[in-house]
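Novice: The structure under discussion is supplied below as structure tokens; questions concerning it will follow.
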Number of protein chains: 2
Amino acid sequence: MINIAILGFGTVGSGVAEVLTTNGALIDQRVNQPVSLKYILDLRDFPDSPYAQHFIKDFSIIENDPEVDIVVETIGGATVALDYTTRALKAGKSVVTSNKELVATHGYDLLQLAREHGANYLFEASVGGGIPILRPLTSCLAANQLTQITGILNGTTNYILTRMIRAGLTFEQALKEAQDNGYAERDPSADVDGHDACRKICILAALAFGQHVYPEQVPTQGIRQITLADVAYADSCGCKIKLLGRAIRQEDGKICAFVAPHLLYGENPLAGVEDVFNAIAVNGNAIGDVMFYGQGAGKLPTASAVVADVIDLAKDLKHSRRNQWGPGSPDLVVSSDILSSRWYVRVNTTLSRARELFGDLQPLARGGAPAGEIAFLTGPMTEPQVREKLSGLSVGSLLRVLD
Amino acid sequence: MINIAILGFGTVGSGVAEVLTTNGALIDQRVNQPVSLKYILDLRDFPDSPYAQHFIKDFSIIENDPEVDIVVETIGGATVALDYTTRALKAGKSVVTSNKELVATHGYDLLQLAREHGANYLFEASVGGGIPILRPLTSCLAANQLTQITGILNGTTNYILTRMIRAGLTFEQALKEAQDNGYAERDPSADVDGHDACRKICILAALAFGQHVYPEQVPTQGIRQITLADVAYADSCGCKIKLLGRAIRQEDGKICAFVAPHLLYGENPLAGVEDVFNAIAVNGNAIGDVMFYGQGAGKLPTASAVVADVIDLAKDLKHSRRNQWGPGSPDLVVSSDILSSRWYVRVNTTLSRARELFGDLQPLARGGAPAGEIAFLTGPMTEPQVREKLSGLSVGSLLRVLD
């Protein structure tokens, strides 16, 4: 018998309870012994819940119960969740989480702590919701020197961009629709300003390249400044605008990591990823390009990933999963300024002036453009180079084109 | 020190040697001890190969060498490969393979044999080349009752269909181009008649649903009969033609499995999978839809998957991977005749006659259609129903539409 405690009965926590119940027979069979939900910790009361008899409010009951083998942390944030995770690991209990903020900010320390106490800390659900990505990255792609990760990592922003592209909604209208549909929070900044995507690319980079990458090391730009004019110009050259988290290994082992909206050509498989779906493309020196696609959020998909980690642990509690990475360092992450690419520019000037500045460029057109506005794609250059050429001009938009 | 023997120095076998060499330091680090290539078995001589000192011609040397821990079988076929795999497993050596024919026809017996002898039999590379799919199916999606698998499982046919769609080549022209580019064999029947895709859907179905599915149980139709007329009609309704392997779990636990060309709407992520790429969509009751995408063949991508299995084994040789499934049975697979869907029909008759037969239908048009030819999409019905309505007519093409 394997006993589980769930911390936090929100969307993901209640989904975990539901999956453990609905697919209970199948899970017991896969683990080869019963997997039982013993406690649910939540400060609120749920008298009408089918799990009512499992609720407790005092974490020390879980911490001190030797029967609890696996703790599922779905509280979120990096305060109470950090405290409980630390205490659970110190008590020798393995912890499974969907908490990207905690893993991105304290992952190295918590993995070390797990190892010291003969426990494991697993977090498949922290990136890409239900999409299997972290385990494939560390096991199925283990024969590769990984070189690059490119991900649509946030479903809310991808929904907003999809609605801008497909329905012609403005950013504000699409955001409101996302909020009305429950895809965006009342305070949407963690999503639309790119912080959520930033945490996820940090976790992916750490697993792929072996050292902790901290969110504050990763320049992050969201999608608030994207306009319907940009969407129309992108469409005119067969491109879609997508918010990407990127991590690129450099020859010297350093990592170029950043989050920013990009123009993607329609042939790129990531360009077809719509609505709240996520996708992560990985490049390795043997495998070439692979892509993982699915629902990046949502109650049951995320719970599916959490319970997969629970099943993995339950099959063999003490076996080390070796999902370790090394400590971070202040000079590990290098600026995306070194990265040459084509650029999309929307600017108030004349095409002849733009040609003087950029030489060979690809002009773009849209219906209803105001007088004086032009847009074009540049040749390959770095961000400092493109910004220098544009200095003194009134730049409406500047976005990198994904090669 | 973990010692490896490679059986067969063809495309995949030589790729395995190359990956073990190129990424050797990284692999040793991930396994935590040296992984060493000890033997390569091949009947041919390779005096100029960098691995020349490893070549042998007598399998019994490998079979009887207690230092050999892992045997990599990349011979292909189900004769010599079956003999050597059986003997290696009986000698307690774990076997890794990319041989889909052997796994699809003898997988159950070989998995049993492995278990009896404390060894493992792994075959990630047998489906989807380098794409991580089998391990995610059994571990990352373990919390789900899987319901459906839909795959573009053969790169050669996908290349041919892509060239028909994009470049307007006939099937014969596209096949010749594929052969000239090394994407298709001189005898292309294993690919273009669907047998390769059939073996792969058998392996996927067995892992997903837990019982061996034999290739002869799976009705298989290839792409020889697809014409440019079909491509044009499909395009007129926003569809692409793709060869799909499908396995659908029925309520009673039986499996509806088949291989056939389908019309896919452009919004379906599988519709955007082009050239030699493969993709596999999986549906589970918690996770919803996920998709895995990448190079389904090729020397290094396939070798990447083989070496990932080698690394997994080398980390812990005797630990059972539990990638077992149960025996097959004659009545496990049910006919796709039960499956209702829309149909694409190209037929020589009049639209008014078609409307008499089908009631509500969606007429399709193409430039240059000969007099008397019509095409349309039907409403949802089974194959016996659509065939009965068409009986007596001269049917040019009948393809299922993927919902």
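The values are calculated or read from the model by the stated rules, or taken from the named source; none is laboratory data. What you see is a predicted model, and the numbers here were worked out from it, not measured in a lab. Here the Cβ positions follow ideal geometry from the backbone for every residue, glycine too, while neighbour counts run over all protein chains shown. Areas reflect the complete protein model, heavy atoms only, side chains present, ligands, DNA and RNA absent. Shrake-Rupley method; radii C 1.70, N 1.55, O 1.52, S 1.80 Å.
Novice: Can you tell me, using C-alpha contacts under 8 Å and at least 6 residues apart, the relative contact order of chain A as a whole percent?
Specialist: 18 percent
Novice: Out of every Cα-Cα pair in segment A:151-193, what percent are more than 13 Å apart?
Specialist: 45 percent
Novice: Still on this structure: For segment B:114-269, what is the Kirkwood estimate of the hydrodynamic radius, computed as the reciprocal of the mean inverse distance between distinct Cα atoms, to one decimal in Å?
Specialist: Averaging 1/r across every pair of different Cα atoms and inverting gives 16.8 Å.
Novice: For the protein assembly as shown, what class follows from the C-alpha gyration tensor (a ≥ b ≥ c being the square roots of its eigenvalues): rounded when a/c is under 1.5, otherwise prolate if a/b is larger than b/c, else oblate?
Specialist: Rounded, because the longest to shortest axis ratio a/c is under 1.5.
Novice: If you place +1 on the Cβ of every Lys and Arg, -1 on the Cβ of every Asp and Glu, and leave all else neutral, what size is the dipole of segment B:50-171 about its Cα centre, to the nearest 20 Debye?
Specialist: For segment B:50-171, the charge dipole is close to 580 debye.
Novice: With angles folded into 0 to 90 degrees, how steeply does helix B:11-22 sit against the dominant principal axis of chain B? Use alpha carbons for both and round to 10.
Specialist: Between helix and principal axis, roughly 50 degrees.
Novice: Further question: How large, in Å, is chain A by the Kirkwood hydrodynamic radius built from its alpha-carbon pairs?
Specialist: For chain A, the Kirkwood estimate is 22.4 Å.
Novice: Report the A-B buried area as the accessible area lost on both sides summed, probe 1.4 Å, in Å² to the nearest 100.
Specialist: 3600 Å²
Novice: Now for a different question. Distances longer than 27 Å among the Cα atoms of segment A:21-149: what percent of all pairs is that?
Specialist: 25 percent
Novice: Something else: Compute for segment B:9-94: radius of gyration divided by Kirkwood radius, i.e. Rg/Rh, restricted to C-alpha atoms, rounded to two decimals.
Specialist: So for segment B:9-94, dividing Rg by the Kirkwood Rh gives 0.95.
Novice: Counting Lys and Arg as +1 and Asp and Glu as -1, each charge on the Cβ, what is the dipole of the protein assembly as shown about the Cα centre in debye, to the nearest 20?
Specialist: 640 debye
Novice: If I take all pairs of Cα atoms in segment A:76-169, what percentage of them are more than 17 Å from each other?
Specialist: When every Cα pair of segment A:76-169 is considered, 61 percent fall beyond 17 Å.
Novice: Now a separate question. What percentage of the solvent-accessible surface of the protein assembly as shown, computed with a 1.4 Å probe over protein heavy atoms, is contributed by carbon and sulfur atoms?
Specialist: 49 percent
Novice: Stokes-Einstein D for segment A:182-230 at 10 °C, 1.306 mPa s, Kirkwood Rh over Cα pairs, in µm²/s?
Specialist: Value of D from the Cα-based Kirkwood radius: 130 µm²/s.
Novice: Among A:ASP275, A:ASP187, A:ASP69, which one shows the highest mean-square fluctuation when chain A is modelled as a Gaussian network with alpha-carbon springs under 10 Å?
Specialist: Highest fluctuation among the options: A:ASP187.
Novice: Right, another one. Could you tell me how many degrees, from 0 to 90 and to the nearest 10, lie between the Cα long axis of helix A:171-180 and the main elongation axis, the longest principal axis, of the Cα atoms of chain A?
Specialist: 20 degrees
Novice: Quick one: which bits of segment A:138-156 get at least 50 Å² less accessible when the partner protein chains are in, versus the chain alone, with a 1.4 Å probe?
Specialist: A:CYS140, A:ALA142, A:ALA143
Novice: Which of B:GLY245, B:GLY266, B:GLY392 moves most in a GNM of chain B, Cα contacts under 10 Å?
Specialist: B:GLY392
Novice: Placing the label point 7 Å from Cα along the Cα-to-Cβ direction, what are the distances from A:ASP180 to the equivalent spots in the other copies, shortest first, in nm to one decimal?
Specialist: 5.6
Novice: Over segment B:179-257, calculate the relative contact order: mean separation of alpha carbon pairs under 8 Å at least 6 apart, over the residue count, as a percent.
Specialist: Reported relative contact order: 26 percent.
Novice: Using a label point 7 Å beyond Cα on the Cα-Cβ vector, give me the inter-copy distances for A:ASP58 in nanometres, one decimal, shortest first.
Specialist: Counterpart label points of A:ASP58 in the remaining copies fall at 7.4 nm.
Novice: Which angle from 0 to 90°, rounded to the nearest 10, does the C-alpha axis of helix B:155-167 make with the longest principal axis of chain B?
Specialist: Once rounded, one gets 40 degrees.
Novice: Right, something else. Kindly identify segment A:1-41 as rounded, prolate or oblate by the Cα gyration tensor criterion: order the square roots of the eigenvalues as a ≥ b ≥ c, call it rounded if a/c is under 1.5, otherwise compare a/b with b/c, prolate if a/b is larger, else oblate.
Specialist: Oblate shape, in that a/c is at least 1.5 and b/c is the bigger or equal ratio.
Novice: Another question, then. Just the number please: accessible area per residue for segment B:279-403, 1.4 Å probe, all protein chains included, in Å².
Specialist: 41 Å²
Novice: Can I ask one more? Express the relative contact order of segment A:211-288 as a whole percentage, based on alpha carbon pairs under 8 Å and six or more residues apart in sequence.
Specialist: Computed value for segment A:211-288: 27 percent relative contact order.
Novice: In Å², what does the accessible area per residue of segment A:106-260 work out to with a 1.4 Å probe?
Specialist: Heavy-atom SASA per residue in segment A:106-260 reads 32 Å².
Novice: Once you sort the root eigenvalues of the Cα gyration tensor of segment A:328-403 as a ≥ b ≥ c, which label holds: rounded (a/c under 1.5), prolate (a/b larger than b/c) or oblate (the other case)?
Specialist: Because a/c hits 1.5 or more and a/b exceeds b/c, segment A:328-403 counts as prolate.
Novice: Go ahead and estimate [θ] at 222 nm for the protein assembly as shown from helices alone: -39,500 (n - 2.57) per DSSP H run with n ≥ 4, summed, over the residue count, rounded to 500.
Specialist: Helices in the protein assembly as shown give a 222 nm mean residue ellipticity of -10000 deg cm²/dmol.
Novice: While we're here: Among the GluC sites (Glu not before Pro) in segment A:175-271, which ones are in a DSSP loop with at most 16 other Cβ atoms within 10 Å of the Cβ? Mind listing them?
Specialist: Here the sparse-neighbourhood loop sites are A:GLU185, A:GLU251, A:GLU267.
Novice: Could you give the C-alpha radius of gyration of segment A:251-345 expressed as a fraction of 2.2 N^0.38 Å, taking N as the number of residues it contains?
Specialist: 1.45
Novice: OK, next. Considering every pair of different Cα atoms, what Kirkwood radius, in Å, is found for segment A:289-381?
Specialist: 19.3 Å
Novice: Along Cα-to-Cβ, 7 Å out, sits the label point; list in nm, shortest first, how far the one on B:ARG387 is from those in the other copies.
Specialist: 6.7
Novice: Still on this structure: Name the residues of segment A:293-313 whose accessible area, probed at 1.4 Å, falls by at least 50 Å² once all protein chains are in place instead of their chain on its own?
Specialist: So the qualifying set is A:TYR293, A:SER304.
Novice: Here's something else I'd like to know. Which entries of A:LYS90/A:LYS318; B:LYS176/B:LYS200; B:LYS200/B:LYS318; A:LYS93/A:LYS299; A:LYS242/A:LYS299 have Cα-Cα distances beyond 18 Å here?
Specialist: B:LYS176/B:LYS200; B:LYS200/B:LYS318; A:LYS93/A:LYS299; A:LYS242/A:LYS299
Novice: Which value, in nm² and rounded to one decimal, describes the direction-averaged projected area of the C-alpha convex hull of segment B:199-303?
Specialist: Result: 8.3 nm².
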